[in-house]
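K.L.:
Before I ask anything, here is the structure I am working with.
The values are calculated or read from the model by the stated rules, or taken from the named source; none is laboratory data. It should be emphasised that the depicted structure is a prediction, and the values quoted were computed from it without experimental measurement. Because the Cβ atoms are built from the backbone with ideal geometry, glycine has one as well, and the counts that use them run over all protein chains shown.
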Amino acid sequence: MKLAVTVLASILAICSVTTASPVNPSAAASAGASTPTVIPSAQVTLSVDLSKLSEEDMDLIKEYAHIKKACNDEEKIHDSLQSEKLEQKEALDELAEEQWDSDFLDLKWRLGEIETLLLERLFKGNMDQPIEYYMKFLETDSEFLELADTLFNSPPVQQPRSEQASTSGTQSP
């Protein structure tokens, strides 16, 4: 027990010297602690005599100051660019989403028009159910699906030259 108190008192004495906080070792020993649970780290005060620096030391400090400032400046630029990059990415994503929405809505609108025309032609206007009913019927008809697939994969039909000229707004010679 005396050894533990002595060790504890020594540690506390060292800590009180290095941290400049006086501690009464006998008060700590009377608290009943036989071994320290936490060993405090010794704080060392460093000092440098700047009046005795060589020319090389001064040059090195000067270079350090310049490089440190350059690093700080570059870090600010980098952070600013990262922020700007993020803002631009968000804006680009938003534009892409808007464009996709616009394109998608245009395609859906055109698909609806074509479905209506197709159903009117195929069923000759004899439709007493909603359009969706007839489209579901066509989309489950294997003969219709096979024909649509064949037409989808076939090469585009070439218009006669005179028809191309009249539809493009130019005259053939």
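K.L.:
Given the residues 11, 67, which is the only one that is modelled with pLDDT of 60 or more and in a helix (DSSP H, G or I)?
P.N.:
On the way: 11 fails: modelled with pLDDT of 60 or more.
None of the other options fit; the residue is 67.
K.L.:
Within region 123-140, track down each residue that is surrounded by 13 or more Cβ atoms within 10 Å (Cβ to Cβ) and assigned to a helix (DSSP H, G or I). Give the derivation first.
P.N.:
Step one: of region 123-140, the residues surrounded by 13 or more Cβ atoms within 10 Å (Cβ to Cβ) are 123, 127, 131, 134-135, 137-138.
Within region 123-140, 131, 134, 135, 137, 138 meet the criteria.
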